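Here is the structure we will look at.
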Ligand code: AMP
């Protein structure tokens with residue numbers, strides 16, 4: 001059975017239910033969203049672990065209970081008595097969503113303080129998954145600790161999968177972000193960037209530029225997502241394309257990339273080709289952008305998607 005460890009931050013999500021100020025509390029975060037979709041898609045074919053740090057307060061307990069109920073293992077998650085979960089609130093104004101964050105002191109920011117904790121979390125895993133947001137929430141020192149642990153994991157035969165998920169607001173400056181992202185790409189076997197972000201922050205003129213920049217660092221497979229546009233696959237130096245079916249009614253693009261990554265990885269783990277896996281990933285993401293929210297249970301019903 002394949003064992004995947006997803007590393008990052010899962011936050012409290014406060015989503016508006018009406019205009020009278022009623023909010024629903026949930027849990028979400030990029031690497032967690034991917035873990036959630038992976039667990040749903042692979043069921044008993046894989047073991048999905050989430051690695052982060054949380055508090056020791058009731059809301060942290062509630063998050064762990066939620067993860068466990070969704071078949072995501074929490075055994076290596078760290079507990080910090082002096083911290084709690086980060087949180088974000090979604091606000092709707094004239095149909096447009098905006099986000100406010102409280103995450104500067106979140107427990108997850110301490111997830112990479114000890115190489116021992118990271119080694120323990122990655123012990124026996126086949127795949128480590130992380131993102132540019134995972135890197136952005138860490139101090140310089142802790143980011144180096146995470147990089148060294150992943151290097152060791154890779155040297156022992158582990159596969160590393162990375163979504164650059166560029167979020168400039170989380171970084172003190174752009175150079176630091178670009179360096180950290182490219183350092184992470186150096187360690188990664190599979191990189192899953194989104195072209196629009198890469199064009200904005202790395203100046204790539206085309207999806208091929210994005211793919212080649214990451215492949216030059218050593219990634220064997222680069223899948224460049226591009227919203228509704230053509231997806232570019234660079235696998236073992238061979239280039240191919242896939243155009244997703246148009247989605248008539250895009251409701252909410254939250255977690256489009258996260259669900260895409262899970263669809264792609266689940267399909268690869270099930271032994272399917274890169275081309276087939278991209279098609280599966282795009283099908284899943286299309287369903288996710290057709291519904292509100294990050295975690296769309298309908299999208300992973302076996303009647304809607306087969307891995
Ligand atoms: P992105 O991270 O925005 O490039 O989106 C990730 C994936 O979600 C894309 O590769 C598509 O498969 C899917 N996706 C995102 N936006 C749309 C859209 N407007 N229409 C159809 N598919 C989409």
*Return yes or no: is residue 84 touching a helix residue (DSSP H, G or I) at 6+ places or on another chain (Cβ under 7 Å) and under 23 Å from residue 15 (Cα atoms)?*
yes
_Residue in segment 255-272 that is near the ligand (Cβ under 10 Å from one of its atoms) and free of Cβ contacts under 8 Å to residues at least 60 places away in the same chain present_ = yes
*Among the residues of segment 35-57, how many are modelled with pLDDT of 95 or more, surrounded by fewer than 24 Cβ atoms within 10 Å (Cβ to Cβ) and out of contact with any helix residue (DSSP H, G or I) (no Cβ under 8 Å at 6 or more places or on another chain)?*
3
_Hits in segment 194-226 (condition: surrounded by fewer than 16 Cβ atoms within 10 Å (Cβ to Cβ), within 21 Å of the chain's Cα centre (by Cα) and not in a helix (DSSP H, G or I))_ = 218, 220
*Does at least one position in segment 141-160 carry a residue that is under 23 Å from residue 234 (Cβ atoms), crowded, with 20+ Cβ neighbours inside 10 Å and within 16 Å of the ligand (Cβ to nearest atom)?*
no
*Report the residue count in segment 177-212 for those that are without any contact (Cβ under 8 Å) to a residue 12 or more places away in the chain and more than 16 Å from the ligand (Cβ to nearest atom).*
3
*residue 251 is checked against (1) loosely packed, with under 14 Cβ neighbours inside 10 Å; (2) away from the ligand (no atom under 14 Å from the Cβ); (3) under 19 Å from residue 33 (Cβ atoms) and fails just one. What number does that condition carry?*
(2)
*Subset of segment 1-32 [buried (at least 19 other Cβ atoms within 10 Å of the Cβ), at pLDDT 95 or above and part of a strand (DSSP E or B)]*: 4, 5, 6, 7, 11, 12, 13, 27, 28
*Could you look through segment 284-297, keep only residues that are touching a helix residue (DSSP H, G or I) at 6+ places or on another chain (Cβ under 7 Å) and farther than 14 Å from residue 250 by Cβ, and pick out the one that is nearest to the ligand (Cβ to nearest atom)?*
284
*Among the residues of segment 137-153, is any within 17 Å of residue 28 (Cβ to Cβ) and at pLDDT 95 or above?*
yes
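The values are calculated or read from the model by the stated rules, or taken from the named source; none is laboratory data. Just so it is clear, the model here is predicted, and its values are computed rather than measured. Positions of Cβ are generated from backbone atoms using ideal geometry, with glycine treated the same way; all protein chains shown enter the neighbour counts.
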